[in-house]
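Student: Sending over a structure as structure tokens; questions will come in a sec.
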Ligand code: OOG
Ligand code: MG
């Protein structure tokens, strides 16, 4: 009789295991290497499933969803990270850093700051099929923001799937204090100077973000919509870093000066 083939060994990998590994890396502040390098089958669908499992764990720990963030919407960010597609992730109240508070270094591994245009939704938005114009019609107001990203991967070295599984390198975010209705703004031309310790280190306009931040919002509505998720009123939407992210050193001060959206600052802690 022909030898019976041994049954294939069950893969130790799953979306749940990925979520568990990355949450524990976050909570112990211990960076790791790319998961996709070990598990080439890690797909974008599995990565988003891991993101949702991690969110459920955060909610079970008492966190509340405050909105969503886009990742890798500007060419600067895509080139910096070597990834060529935008992505989305979750924001919770534990990631919201009140203005005036320093970067909580005791919670982060290797924080980097990036300036972003943020929206707050006035009504629900659900894709697919949402255009930038329809997306912008759901916006209540815009604000300037600084996102402090942090990656659970050593040296921020990851594939798109790794980053998505890692909630797009979420850390903390600061918004405002200036809020503006968007009707009288040209957000494609909204400029931002990124300053570290008084030196302007980079600049960009809102057009860096997929051509217009409204396109980023539409991308988010459509990407979440494909997963059956509606963007809810009052959610904050971080539309993605306009420039490269800069490392935040202890004792430093980062400021983002916007044309119409005011100045957002954060101390390095
Ligand atoms: C991925 C997260 C990107 C953005 O605004 O592009 C992100 C990363 O660059 O680590 O938040
Ligand atoms: Mg960002």
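Student: Which percent of Cα pairs goes in each bin when the distances of segment 35-96 are cut into 5 angstrom slices starting at zero?
Tutor: 4, 15, 19, 21, 21, 14, 5, 0
Student: Also: How far is helix 15-28 tilted, in degrees, relative to the longest principal axis of the Cα atoms in the chain, given as a value from 0 to 90 rounded to the nearest 10?
Tutor: 60 degrees
Student: Just to be sure I understand the model, the point goes 7 Å from the Cα along the line to the Cβ. What's the resulting residue 126 to residue 232 distance in nm?
Tutor: 1.4 nm
Student: Based on the alpha-carbon set only, what is the convex hull volume of segment 172-269 divided per residue, in Å³?
Tutor: In segment 172-269, the Cα hull volume divided by residue count equals 118 Å³.
Student: Pull out the extension gain between residue 11 and residue 24, defined as 0.36 nm times the separation in residues minus the alpha carbon to alpha carbon distance; nm, one decimal.
Tutor: 2.6 nm
Student: Please find, in a Gaussian network model of the chain (springs between Cα atoms separated by less than 10 Å), the residue of 128, 98, 40 whose mean-square fluctuation is greatest.
Tutor: With Cα springs under 10 Å in the chain, the top fluctuation among 128, 98, 40 is at 40.
Student: For segment 50-115 and segment 138-193, what is the separation of their C-alpha centers, rounded to whole Å?
Tutor: First find each Cα centre; the distance between them is then 8 Å.
Student: Hey, another quick one. Could you work out the relative contact order of segment 158-253? I mean the mean sequence separation of Cα pairs under 8 Å and 6+ apart, divided by the number of residues, in percent.
Tutor: Normalised by residue count, the contact order of segment 158-253 is 22 percent.
Student: Taking the inverse of the average 1/r across all pairs of different Cα atoms in segment 226-269, what Kirkwood radius in Å do you get?
Tutor: Taking the inverse mean of 1/r over all distinct Cα pairs, segment 226-269 comes out at 13.6 Å.
Student: How high is the relative contact order of the chain, given as a whole-number percent (alpha carbon pairs under 8 Å, six or more residues apart)?
Tutor: Dividing the mean separation by the residue count of the chain yields 27 percent.
Student: For segment 130-174, what does the alpha-carbon gyration tensor say about shape, rounded, prolate or oblate, given a ≥ b ≥ c as the root eigenvalues, a/c under 1.5 as rounded, and a/b over b/c as prolate?
Tutor: Verdict is oblate for segment 130-174.
Student: Additional query: Most mobile of 199, 93, 57 per a Gaussian network model of the chain (Cα springs, under 10 Å)?
Tutor: Most flexible of the set in this elastic network: 199.
Student: So which residue, out of 54, 226, 89, gets the largest mean-square fluctuation from a GNM of the chain using Cα contacts under 10 Å as springs?
Tutor: It is 226.
Student: Now for a separate question. For the residues 161, 234, 195, what sequence is obtained by ranking on other C-beta atoms within 10 Å, fewest first?
Tutor: The fewest-first ordering by Cβ neighbours comes to 234, 195, 161.
Student: Could you give the length gained by full extension between residue 191 and residue 94, i.e. 0.36 nm per residue of separation minus their alpha carbon distance, to one decimal place?
Tutor: Value of the extension gain: 32.1 nm.
Student: Could you give me D for segment 125-207, from Stokes-Einstein at 10 °C and 1.306 mPa s, where the hydrodynamic radius is the Kirkwood radius over C-alpha pairs? Units µm² s⁻¹, please.
Tutor: Stokes-Einstein gives a translational diffusion coefficient of 101 µm²/s.
Student: What are the semi-axes of the equivalent ellipsoid of segment 15-267, taken as the square roots of 5 times the eigenvalues of the Cα gyration tensor, listed largest first and rounded to whole Å?
Tutor: Working through the eigenvalues yields semi-axes of 25, 22, 16 Å.
Student: Output the 0 to 90 degree angle, nearest 10, between the alpha-carbon long axis of helix 213-226 and the longest principal axis computed from the alpha carbons of the chain.
Tutor: 30 degrees
Just so you know, all these numbers are worked out from the coordinates, no wet-lab data involved. From a predicted model like this one, the values you see are computed outputs, not experimental measurements. Note that each Cβ is placed from the backbone with ideal geometry, even for glycine, and that neighbours are counted across all protein chains shown.
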